[in-house]
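Working notes, structure below.
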Amino acid sequence: MIEAAGLTKRYGRTVAVDNLSFTVQPGRVTGFLGPNGAGKSTTMRMILGLDRPTGGEAKINGKRYHDLHHPLRTVGALLDAKWVHPNRSARAHLRWMAKSNKLPAARVDEVLELVGLTSVANKRAGAFSLGMSQRLGIAAALLGDPEVLLFDEPVNGLDPEGILWIRKFMQRLATEGRTVLVSSHLLSEMSLTASELIVIGRGKLIAQSSTEEFVSRATENTVKVRSPQLPALRQALTGEGIEVRDDADALVVSGVDSATVGELAAKHGVVLHELSPQRGSLEEAFMQLTGDSVEYHTDITDDHAVAAAAAAELMSQGK
Amino acid sequence: MTLLAVERIKLFTTRSPWWCMVMALVVTVGFAALVAGTSNADDPVTVATTQFGYGFGLVVIMVMAALAVTTEYRFGTIRATFQAVPSRSKALLAKTTVVAVLAGVIGEITAFGSWGIAKLIKGSADLAINSAYEWRVVAGTGLIYALAAVIAVSVGTMIRHSAGAISLVLIYSQLAENLIQIIPNVGPKIHRWLPFNMAQHFLTGRPDAGARGADGPPISEITYSPWVGLLYFGVFALVLLIISLWVVNRRDA
Ligand SMILES: Nc1ncnc2c1ncn2[C@@H]1O[C@H](COP(=O)(O)OP(=O)(O)OP(=O)(O)O)[C@@H](O)[C@H]1O
Ligand SMILES: [Mg+2]
């Protein structure tokens, strides 16, 4: 289990991580979601004791990383697949890591086999393709058979086959009862990999919930209605306890379908110029949710609307 | 012990230390061969002059030592290291030890190799190592190389960038210390107390009567015991090491 409590990191005047608290439970893949620069990598480095938090702390199974004995046996991490000396062979890279935590040398060959790198084990890591580097990084993370695993954007730049392989791999690790935290800036990817989501934006926690809950909350419809009699329509809707928002010259109605809105309008004799179910772009909504998109700031700020847009996108992709 | 083995694996599974070792050996032994080959009855080769290549070897050693840590920063393996060994001081002390021991061994091999090749080439010359001075000038090389490696690793740890660390170490040890002598009056006085001059003093201080420095490392004119020079150089290396550990524990990996 990973617990972050009030985790904060400042670089000069930049607040990279801002009072972040969350827990990551074993037995499932937890997605760590946020746009570029949200502070995912920084958080992971703090969990691993590489960056010193400005405030708060992160604990793994109740201990700070520093206090773990032979930490690779408890925590495996892949933060950057390029963190390998290019002139060192894959096997040599794993060999020194194994040695450092008193792991048997035979374990090196085991993990190489596990990720399918046995045939290139003695090749220099600098000549590896991105996919192979990523596999080597995963082998390194698995070396100590750890119960906690952290992966920072493991599918970045991989082809569909590689992405699928990693996705299956993460899920298998979780099924084995391990704690798996995987970061990504793609909501669509995370919705396929993770069963739990921690969403951050600009270093702040935005949501922690199960992916399922996120999606079900998101499947609530929003309906856009335009009418020359907007005030009357608004009154009619709110009178029924329905949630309504202004969006330029229209209203956005959430929680009910277009039929309900239409019937209600007819009952109150309101003329409608438009009545359309809304589906926004998943990633766009996500950007707005995480507060990174200033340029396109609209009224969509409450997470219902965003979740709705997100789910709509998911469904439109047929996933 | 485990950490020493880890650093040994890391050092010897890349190519640069091997290159540096070969280069140090070729340069020092090569110069010794040159010195011995061109010597004659009027200008005989001596134990001290066989060590002509000492300074070049020192440069190579310091480059190797600085690279041992700066490449870890360059390729991000320092993070993998601290992930595996969260106690940064332990990890870096292990690295420093391994690099220093290797430098010491290279120092002894190159020094005795230089002396040996001269003896082979000029069997007739008096190359017996019998005075304390002669022992220091040859066998002392390993000690100085080891301490210089500690200095270079520490600077590498502090600076993190290969080019920056190497230029700093080399410009300081090869250029800056000597240039200070140019300052009128105080220059030479300051120069006496500078660490690499002290290292020099350990090797070539208190020369035997009639010893020449022209072809060997320059003879030191400082009068106190050469061992003070070694101690001084050692303390300097230790101070830099402590500062580098302090820095590395404070900052983000
Ligand atoms: N070492 C550093 N020095 C200064 N600023 C930093 C440093 N590391 C990160 N930052 C800043 O902190 C913020 C968070 O960065 P971080 O790399 O953690 O984000 P991220 O969520 O991993 O983004 P990405 O999806 O691009 O990987 C960014 O604004 C970044 O510029
Ligand atoms: Mg990142």
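I'd like the full set of residues that are within 11 Å of ligand 1 (Cβ to nearest atom), within 18 Å of B:THR81 (Cβ to Cβ) and under 18 Å from the mean Cα position of the chain (by Cα), limited to the stretch A:42-71.
Within the stretch A:42-71, A:MET44, A:ARG45, A:MET46 qualify.
Need pairs with beta-carbon distance below 7 Å; first residue without any contact (Cβ under 8 Å) to a residue 40 or more places away in the chain and within the stretch B:225-253, second charged (D, E, K, R) and open to solvent by less than 40 Å² (accessible area, probe 1.4 Å); sequence gap 6+ or separate chains.
Partner pairs satisfying both residue conditions: B:ASP252/A:ASP51.
Checking the conditions here, which among A:LEU143, A:LEU158, A:LEU164 is within 13 Å of chain B (Cβ to nearest Cβ) and either at pLDDT 90 or above or within 16 Å of ligand 1 (Cβ to nearest atom) (or both)?
Testing whether each residue is within 13 Å of chain B (Cβ to nearest Cβ) and either at pLDDT 90 or above or within 16 Å of ligand 1 (Cβ to nearest atom) (or both) leaves just A:LEU143.
Mind listing whichever residues of the stretch A:258-274 are part of a loop (DSSP other than H, G, I, E, B) and open to solvent by less than 70 Å² (accessible area, probe 1.4 Å)?
If the condition is that a residue be part of a loop (DSSP other than H, G, I, E, B) and open to solvent by less than 70 Å² (accessible area, probe 1.4 Å), then A:GLY269, A:VAL270, A:LEU272 are the ones that fit.
Residues of the stretch A:146-155 being within 12 Å of chain B (Cβ to nearest Cβ) and either over 20 Å from the mean Cα position of the chain (by Cα) or open to solvent by less than 10 Å² (accessible area, probe 1.4 Å) (or both), which ones?
Across the stretch A:146-155, the qualifying residues are A:PRO146, A:LEU150.
Yes or no: B:ALA65 modelled with pLDDT of 90 or more, more than 20 Å from the chain's Cα centre (by Cα) and either under 27 Å from A:HIS85 (Cα atoms) or away from every other protein chain (no Cβ under 14 Å) (or both)?
So B:ALA65 does not fit the description; no.
What do you reckon, is A:ARG226 open to solvent by 70 Å² or more (accessible area, probe 1.4 Å), within 30 Å of A:ASN19 (Cα to Cα) and in contact (Cβ under 8 Å) with a residue 40 or more places away in the chain?
No; evaluated as a whole, the condition is false for this residue.
Which of the residues belonging to the stretch A:179-192 are at pLDDT below 90, within 16 Å of ligand 1 (Cβ to nearest atom) and touching a Ser or Thr at 6+ places or on another chain (Cβ under 9 Å)?
A:MET190
Go through the stretch A:1-18 and report how many residues are surrounded by 15 or more Cβ atoms within 10 Å (Cβ to Cβ) and of a type in the set (S, T, N, Q).
Residues in the stretch A:1-18 being surrounded by 15 or more Cβ atoms within 10 Å (Cβ to Cβ) and of a type in the set (S, T, N, Q): 1 in total.
Under the condition of being touching a Gly at 6+ places or on another chain (Cβ under 7 Å) and surrounded by 22 or more Cβ atoms within 10 Å (Cβ to Cβ), which residue from the stretch A:36-64 is nearest to A:SER210 (Cα to Cα)?
Selected residue: A:LYS40.
Using beta carbons and a limit of 6 Å, which pairs, at least six apart or on different chains, have the first residue in the stretch A:178-191 and under 15 Å from A:VAL24 (Cβ atoms) and the second one within 13 Å of ligand 2 (Cβ to nearest atom) and part of a helix (DSSP H, G or I)?
Matching pairs, first to second residue: A:SER183/A:LYS40.
Which numbered condition trips up B:ILE129, out of (1) open to solvent by 10 Å² or more (accessible area, probe 1.4 Å); (2) at pLDDT 95 or above?
(2) is the only condition that B:ILE129 fails.
Taking the conditions exactly as written (more than 21 Å from the chain's Cα centre (by Cα) and either within 30 Å of A:SER133 (Cβ to Cβ) or at pLDDT 95 or above (or both)), does B:THR13 satisfy them or not?
Against the criterion (more than 21 Å from the chain's Cα centre (by Cα) and either within 30 Å of A:SER133 (Cβ to Cβ) or at pLDDT 95 or above (or both)), B:THR13 qualifies.
From the list B:ALA100, B:ALA91, exactly one residue is within 11 Å of the chain's Cα centre (by Cα) and within 21 Å of B:VAL239 (Cβ to Cβ). Which is it?
The match here is B:ALA100.
Listed here are the residues, each with its yes/no results for (1) within 16 Å of ligand 2 (Cβ to nearest atom); (2) under 16 Å from A:THR193 (Cβ atoms).
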position	(1), (2)
A:LYS123	no, no
A:SER129	no, no
A:LEU143	no, no
A:PRO146	no, no
A:LEU150	yes, yes
A:ASN156	yes, yes
A:PRO160	no, yes
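Report those strands (runs of 3 or more DSSP E) wholly inside the stretch A:1-78 carrying at least 1 residues which are away from chain B (no Cβ under 11 Å) and either within 16 Å of ligand 2 (Cβ to nearest atom) or closer than 17 Å to A:VAL182 by Cα (or both).
Strands (runs of 3 or more DSSP E) meeting the threshold: A:2-11, A:14-24, A:28-33, A:55-60.
For (1) open to solvent by less than 30 Å² (accessible area, probe 1.4 Å); (2) more than 13 Å from chain A (Cβ to nearest Cβ); (3) part of a loop (DSSP other than H, G, I, E, B); (4) in contact (Cβ under 8 Å) with a residue 60 or more places away in the chain, each residue gets a yes or a no:
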site	(1), (2), (3), (4)
B:LEU11	yes, no, no, yes
B:TRP19	no, no, no, no
B:ALA24	yes, yes, no, yes
B:LEU34	no, yes, no, no
B:THR50	yes, yes, no, yes
B:PHE56	no, yes, no, no
B:VAL105	no, yes, no, no
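Would you pick out the residues in the stretch B:26-50 that are within 22 Å of B:PHE196 (Cα to Cα) and at pLDDT below 90?
B:VAL47, B:ALA48, B:THR49, B:THR50
In the stretch A:80-101, which residues are more than 7 Å from chain B (Cβ to nearest Cβ) and among the aliphatic types (A, V, I, L, M)?
A:ALA81, A:ALA90, A:LEU94, A:ALA98
The values are calculated or read from the model by the stated rules, or taken from the named source; none is laboratory data. This one's a predicted model, so the numbers in the text were calculated from it and none came from an experiment. Methodologically, a virtual Cβ is constructed for each residue, glycine included, from the backbone with ideal geometry; neighbour enumeration extends over all protein chains shown. Calculation scope for accessible area: heavy atoms of the full protein, side chains included, ligands and nucleic acids excluded. Shrake-Rupley method; radii C 1.70, N 1.55, O 1.52, S 1.80 Å.
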